[in-house]
Amino acid sequence: MDTQLIEQYQECLQNIRNSCIKRNRSFEDVKLIAVSKTKPVEDILTLYNAGCRDFGENKVQELVDKYQQLPKDIHWHMIGHLQRNKVKYIIDKVCLIHSVDSLELAEEINKQAAKHNLVMNILIEVNVANEESKFGLHPNQVEDFIYQVANFQFIKVVGLMTVAPYVDISEENRQYFVRLCQLLVDINSKNIDNITIDSLSMGMTNDYEIAIEEGATMVRIGSGIFGDRIYHQIS
Ligand SMILES: *Cc1c(COP(=O)(O)O)cnc(C)c1O
């Protein structure tokens, strides 16, 4: 079981390397985030011992529980929808919040970060495919949003994130990765308050190779490393 986990992790790294080579990109410029949601701390430790330091979780309680049990040099990424009233539990535990999609949430992050005297790195979640079921700002709203959070002293916008549609043919998602990358280029060209964003969190198990070809700097891989997730029904 452990060896299988490590093998799948190594295989993902190799795939990332290959995609980088294909586009003449540097392997160091793409970070693999192992999405460990629903998976036990033992699995995380196995990967930790194989060298992995970046893990992604989508639930506050689960992230906090795991944080407390695991080595403190792990970089935790909050990748799921975040409620304002829960920001205080994770503000001093995560290195990056990927899912900022409202000014109210940004305000709360700023407030909690101020209390800890830290600057929180955030990504703006963008609903590039304009799916009704998805969180995230419409691409047209992103520029205004950056103007507004530029005033927040305890937040640093470092890039954009998207969750691409669930599709059978991953190639169909290439257009969305291209669009998110273009949005980043557009925003940087406007030179908003000297803000330069350079992170693109895009690509999951089914489409990370395509996302890397189109400029992803972070890929969030869950089932491709840990296997399928089993969600226990709470009755
Ligand atoms: C679960 C999740 C992932 C990982 O999904 P896989 O398809 O298992 O790789 C990535 N990003 C977000 C936001 C997620 O919630």
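The values are calculated or read from the model by the stated rules, or taken from the named source; none is laboratory data. Just so we're clear, the structure is a prediction, and the values are computed from it rather than from any experiment. Don't worry about glycine lacking a Cβ; one is built from the backbone with ideal geometry, like all the others, and counts go over all protein chains shown.
Below, the figures for the structure above:
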| item | result |
| --- | --- |
| Selection within segment 199-235 - within 9 Å of the ligand (Cβ to nearest atom), among the aliphatic types (A, V, I, L, M) and part of a loop (DSSP other than H, G, I, E, B) | 204 |
| Cβ-Cβ under 9 Å pairs, at least 6 apart or on other chains, segment 1-30 side farther than 19 Å from residue 210 by Cβ and surrounded by 12 or more Cβ atoms within 10 Å (Cβ to Cβ), far side at pLDDT 95 or above and of a type in the set (D, E, K, R) | 2/42; 2/43; 5/43 |
| Filter pass, residue 32 being within 14 Å of the chain's Cα centre (by Cα), closer than 13 Å to residue 225 by Cα and within 15 Å of the ligand (Cβ to nearest atom) | yes |
| Whichever residue in segment 194-220 is of a type in the set (Ser, Thr, Tyr) and in contact (Cβ under 8 Å) with a residue 40 or more places away in the chain and, among such residues, is nearest to residue 26 (Cα to Cα) | 217 |
| Selection status of residue 69, over 26 Å from residue 209 (Cβ atoms), within 16 Å of the ligand (Cβ to nearest atom), surrounded by fewer than 19 Cβ atoms within 10 Å (Cβ to Cβ) and free of Cβ contacts under 8 Å to residues at least 60 places away in the same chain | no |
| Residue within segment 191-198 that is modelled with pLDDT of 95 or more, outside any helix (DSSP H, G or I) and within 13 Å of the ligand (Cβ to nearest atom) present | no |
| Pairs where the first residue, in segment 49-61, is farther than 21 Å from residue 86 by Cα and the second is away from the ligand (no atom under 16 Å from the Cβ) and assigned to a loop (DSSP other than H, G, I, E, B), C-beta under 8 Å, 6+ apart | 53/73; 53/74; 54/74 |
| When residues of segment 87-107 are limited to those that are away from the ligand (no atom under 16 Å from the Cβ) and either part of a helix (DSSP H, G or I) or basic (Lys, Arg) (or both), the one surrounded by the fewest Cβ atoms within 10 Å (Cβ to Cβ) | 104 |
| Count of segment 35-58 residues which are within 12 Å of the ligand (Cβ to nearest atom) and either surrounded by 20 or more Cβ atoms within 10 Å (Cβ to Cβ) or closer than 14 Å to residue 96 by Cα (or both) | 7 |
| Answer from 173, 191, 127 - the residue that is of a type outside the set (Val, Ile, Thr) and over 24 Å from residue 31 (Cα atoms) | 191 |
| Residues satisfying the stated conditions in segment 72-86, i.e. surrounded by 14 or more Cβ atoms within 10 Å (Cβ to Cβ), under 21 Å from residue 134 (Cβ atoms) and not β-branched (Val, Ile, Thr) | 77, 78, 80, 81, 82, 84, 86 |
| Residue match in segment 144-158 (condition: touching a helix residue (DSSP H, G or I) at 6+ places or on another chain (Cβ under 6 Å), assigned to a helix (DSSP H, G or I) and within 20 Å of residue 215 (Cβ to Cβ)) | yes |
| Residue under evaluation residue 61, criteria (1) surrounded by 15 or more Cβ atoms within 10 Å (Cβ to Cβ); (2) assigned to a helix (DSSP H, G or I); (3) within 16 Å of the ligand (Cβ to nearest atom); (4) of a type outside the set (A, V, I, L, M), criterion not met | (1) |
| Test result for residue 35, under 30 Å from residue 88 (Cβ atoms) and in contact with a Leu (Cβ under 8 Å, 6 or more places away or on another chain) | no |
